[in-house]
Every structure is written in C-alpha cells, then in structure tokens.
Amino acid sequence: MQRKIGVIGGSGVYQIEGLQDAAWTVVETPWGAPSDEILTGTLGGVPMCFLPRHGRGHVHLPTEVPFRANIDALKRLGCTDLIAVSAVGSLREDFAPGDMVVLDQFIDRTCARPASFFGEGCVAHVSLADPVCAALSEACARALQPTGATVHRGGTYLAIEGPQFSTRAESNLYRSWGCDVIGMTAMPEARLAREAELCYASVAMVTDYDCWHEGHGAVDVAQVIAVLTRNAGTAKAMIAGLPGLLGATRAPCPCGCDRALDHAVMTAPDRRDRATLARLDAVAGRVLG
C-alpha cells in the first residue's frame, strides 16, 4: 500500500521545508473548511500533506479549530499516517522547556468541541485505550534522536479548552493527577484520527512550566514564542527524517489503527441515516460502503 504522511503543525510550525512539487490545495469536506489550504508534495520520495492547525498567520483559537474538517480533509487526500505537533506547558520538573515529548496518553477536559464524526443516525464506538499508534510514535522518537534534543518517550497530555492558560490551582490539580504536559489542541484530534482509521502520533514541544513552578513566573507569551522558535526547528528536522524511516509503502498497521472501525458501528444498516452516511464517505467509507 502507498504511504502518505500527513502532518498537522501546531504553534510555531506552519510549513514543511524541502517539499518537492509543493502546492497549496483547497479541500472541501462535509464538515466545512479545514483550518487552511493543505500543502502537498513529496519529501524523500514519500507523498506528504501539511496542514497548519491554527491556519497560516495563526487565526484560529483552539476551540475554533475545525478538527473534524481537518481530519476528514487529510483522510480524503489519502493520508495513511498522521503526525501532530503541538506546543505544551510542562507539569513536571524533568520535562524542561525545549524538550520534546512523544505522547502516549491524553486526558480530555475540553467541553465545547464536537468530538466524533458519528451520531445523527449512525452510531459507532471505537477503542481509545491506546490513543496513539505505537509504531508511528516510535518512528517519531527515532527521527528526533539526531536533533540532539532531550526526548521523552511517553507522556500524558492534559487537554484544556483555553484560550486562557490554567490557574495555579488547576495546574497543581493536574499535576496531582499524574499528567505530564498541558495543552489545548490534542483533543478531540486524537479521537477523530482513530475514528478515521489513521495511524496517529502526537509530539509535544515543551515551551514553559505552566504556572505551578515556584522558580518560574506565570506563563509569559514572549518567552513561549522564543522557546517555540527553537522547538520548531527540532520538529521540522523530525519531519524531514520520517520519510526515510517509514518508507514509501506500508503494511497493515501492527497496532490495528487502520482497522479501528471493524466492529465499531452499532446502527443496523437499514436504520442508518443517508445524509450522515454521505458525510462519512471519506472517514468511514471502508466499513459503511
């Protein structure tokens, strides 16, 4: 099977450098317009798609990001593997600004975002016990090694609604839960990627210590941007290394990400809403016909 790598860039990562035959492509979806046009091309002989999560110029609040349209558009373009990059605050002393975290778990505290492609006449329940693709996450960790950055393999991301940063009481509460980093965009993105049967890996760029750390003040946007600039270079180097590690062809996912809907759809075929089925053509067409 042909591999096609999709990249969703977070704060500080707004493009992929070195793409051959690069072009910005308009993609229409049943869920509205994605965050921006999608940059397509090839890198190391592997087709790539890049979508800036907040739009070029950073125009979307976290709550305003059209998550369903973004995932649908990347799936519609043929992406098989999806790497998400995001900026985060650290909830641990040893996860320092400038570090990279290859995430493996999430706690979702968002409350104002559609979290599923399903509903309105077609019900499905996918497993999210292991919300990222272990194989793709391992490739990301390996691609980060040559950068010289401190890389943490595994970490729990606490997703908040935003756009305000957390209070000190909230920050300490999330630390008591055992969370490692905090951000505003990984959810419902990871949920939707699973529903769309995409292998999904999430790499977090630590920019600050949130507001819990006694030796650091509250989150300062100017300082965050300075760290983001350094981290963005590391993230771009990781992306550049992925085609060589992953290759141009792929076997079925060893984690089963590409078969997540095999037994997920609960609604009887004769009770499924036709309009809903039409909206699901890209993300769930494999099982819905």
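Residues are listed down the side, and each one gets a yes or a no for (1) closer than 16 Å to Cys79 by Cβ; (2) assigned to a loop (DSSP other than H, G, I, E, B); (3) acidic (Asp, Glu); (4) touching a Leu at 6+ places or on another chain (Cβ under 9 Å):
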position: Val7; (1), (2), (3), (4): yes, no, no, yes
position: Gly18; (1), (2), (3), (4): no, yes, no, yes
position: Thr29; (1), (2), (3), (4): yes, yes, no, no
position: Ala33; (1), (2), (3), (4): no, yes, no, no
position: Thr40; (1), (2), (3), (4): yes, no, no, yes
position: Cys49; (1), (2), (3), (4): yes, no, no, yes
Within the stretch 224-245, identify whether any single residue is under 26 Å from Val132 (Cα atoms), open to solvent by less than 20 Å² (accessible area, probe 1.4 Å) and in a strand (DSSP E or B), and answer yes or no.
-> no
Selected residue (criterion: nearest to the chain's Cα centre (by Cα)) from residues of the stretch 262-276 that are in contact (Cβ under 8 Å) with a residue 60 or more places away in the chain and within 17 Å of Val126 (Cα to Cα) = Ala264
All conditions in (1) open to solvent by less than 20 Å² (accessible area, probe 1.4 Å); (2) free of Cβ contacts under 8 Å to residues at least 40 places away in the same chain are true of Leu173 except (1)
Among the residues of the stretch 44-81, which ones are surrounded by fewer than 22 Cβ atoms within 10 Å (Cβ to Cβ), on the phi < 0 side of the Ramachandran plot and in contact with a helix residue (DSSP H, G or I) (Cβ under 7 Å, 6 or more places away or on another chain)?
-> Val46, Arg76
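Going by the structure shown, is Arg109 surrounded by 19 or more Cβ atoms within 10 Å (Cβ to Cβ), under 20 Å from Arg194 (Cβ atoms), of a type outside the set (Ser, Thr, Tyr) and over 14 Å from the mean Cα position of the chain (by Cα)?
Values: surrounded by 19 or more Cβ atoms within 10 Å (Cβ to Cβ): no; under 20 Å from Arg194 (Cβ atoms): yes; of a type outside the set (Ser, Thr, Tyr): yes; over 14 Å from the mean Cα position of the chain (by Cα): yes.
The answer is no for Arg109.
Please determine, by comparing only the residues of the stretch 124-141 that are open to solvent by 60 Å² or more (accessible area, probe 1.4 Å) and touching a residue at least 60 places away in the same chain (Cβ under 8 Å), which one is nearest to Trp31 (Cα to Cα). Give the derivation first.
Taking the stretch 124-141 as the starting set, the residues that turn out to be open to solvent by 60 Å² or more (accessible area, probe 1.4 Å) are 125, 127, 129-130, 134, 138.
Going one step further and asking which of them are touching a residue at least 60 places away in the same chain (Cβ under 8 Å), we end up with 125, 127, 130, 134.
Working: His125: 20, Ser127: 23, Asp130: 26, Ala134: 29 Å.
Step by step, filter the stretch 124-141, then rank; the result is His125.
Can you say whether Ala23 is aliphatic (A, V, I, L, M), farther than 30 Å from Ser176 by Cα, open to solvent by 30 Å² or more (accessible area, probe 1.4 Å) and in contact with a Leu (Cβ under 9 Å, 6 or more places away or on another chain), as far as the supplied structure shows?
Working: aliphatic (A, V, I, L, M): yes; farther than 30 Å from Ser176 by Cα: yes; open to solvent by 30 Å² or more (accessible area, probe 1.4 Å): yes; in contact with a Leu (Cβ under 9 Å, 6 or more places away or on another chain): yes.
Spelling it out, Ala23 is indeed aliphatic (A, V, I, L, M), farther than 30 Å from Ser176 by Cα, open to solvent by 30 Å² or more (accessible area, probe 1.4 Å) and in contact with a Leu (Cβ under 9 Å, 6 or more places away or on another chain).
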Select from the stretch 186-213 the residues that are at pLDDT 95 or above, open to solvent by 10 Å² or more (accessible area, probe 1.4 Å) and within 20 Å of Leu61 (Cβ to Cβ) and list them in ascending order.
-> Arg191
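The values are calculated or read from the model by the stated rules, or taken from the named source; none is laboratory data. Note that the structure is a prediction, hence the values are computed from the model and not measured. We place every Cβ from the backbone using ideal geometry, glycine too, and count neighbours over all the protein chains shown. For accessibility, only protein heavy atoms count, side chains too; no ligands or nucleic acids. Shrake-Rupley method; radii C 1.70, N 1.55, O 1.52, S 1.80 Å.
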